[in-house]
1. Heavy atoms only, probe 1.4 angstrom, no DNA, RNA or ligands counted: give me LYS113, LYS165 ranked by accessible area, highest first.
2. May I ask you to give the percent of accessible area on the chain that is carbon plus sulfur, with a probe radius of 1.4 Å?
3. Determine the per residue accessible area of the chain with all protein chains present and a 1.4 angstrom probe, expressed in square angstrom.
4. What whole-number volume per residue, in cubic angstrom, does the convex hull of the C-alpha atoms of the stretch 34-136 give?
5. For the chain, what is Rg from Cα atoms divided by 2.2 N^0.38 Å, rounded to two decimals?
6. With a sphere of radius 13 Å drawn around the Cβ of LEU23, what net charge do the other residues whose Cβ falls strictly inside it have (Lys, Arg +1; Asp, Glu -1)?
7. What relative contact order, as a whole-number percentage, does the chain give when Cα pairs under 8 Å and 6 or more residues apart are counted?
8. So how many Lys-Lys pairs in the stretch 75-159 land under 26 Å Cα to Cα, not counting same-chain pairs under 8 apart?
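The values are calculated or read from the model by the stated rules, or taken from the named source; none is laboratory data. Only a predicted model underlies this, so the values are computations on that prediction, with no experimental measurement involved. Counting neighbours? That spans all protein chains shown, and the Cβs are built from the backbone with ideal geometry, glycine included. Please note that ligands, DNA and RNA were not included when accessible areas were found on the heavy atoms of the full protein model with its side chains. Shrake-Rupley method; radii C 1.70, N 1.55, O 1.52, S 1.80 Å.
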Amino acid sequence: MKIKVVIPTTEKDYNMAMKNAYLHKLRAGVQCDVIVKIDTSKIGWVAMHNEEFSKGGFDYYVYSCADYYPGRNWLKKAMDFMEFNKLSLIGFNDGKWDGNIATVGLVKKEWIKKYYNNLFYEGFKSHYADTEITSLARIDEVYGYCSDAVLIEIDYDKELKSVNKKDRELFIKRGYGNRWGLK
């Protein structure tokens, strides 16, 4: 079993990403590879994950972010929960969505390949790709929220930011979230 954890970042947030990557590895509780990717071409979070996902070499993939701080044994708890419940996508306790959306998540590679060639639908740039795969996992009844697996967002300006409007429009148009009112 091979687990790949990927943290895309901007040059501005590189130091924070490296500190959190170190903690992602140190606190995982299981063997994993942690990779930090700098978005020098400004292709966006979704494309950064898709690039790394397409390289393969793993059975499980964790999509994370530079500003997410892990609790102790965050990945072991999520893996145990996934295996015990026979799930394919696990949402972490991110401190904001109470499991409604896997903003950062643990994905079983064999499951997501059913929908995409990559991790996320390529049409998204920075938002709603996580919401869409959460919706897909709910449809397949393979989504689980592991509240004990803490991977919490630390963004002091988060409440002042807005989502990418084009991504939101695309998500609504694709229709996967309507069943749960995710918009």
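1. LYS165, LYS113
2. Reported share for carbon and sulfur atoms: 49 percent.
3. Each residue of the chain exposes 52 Å² on average to a 1.4 Å probe.
4. 110 Å³
5. For the chain, the normalised Cα radius of gyration is 0.94.
6. Cβ neighbours under 13 Å give a net charge of +3.
7. 24 percent
8. 26
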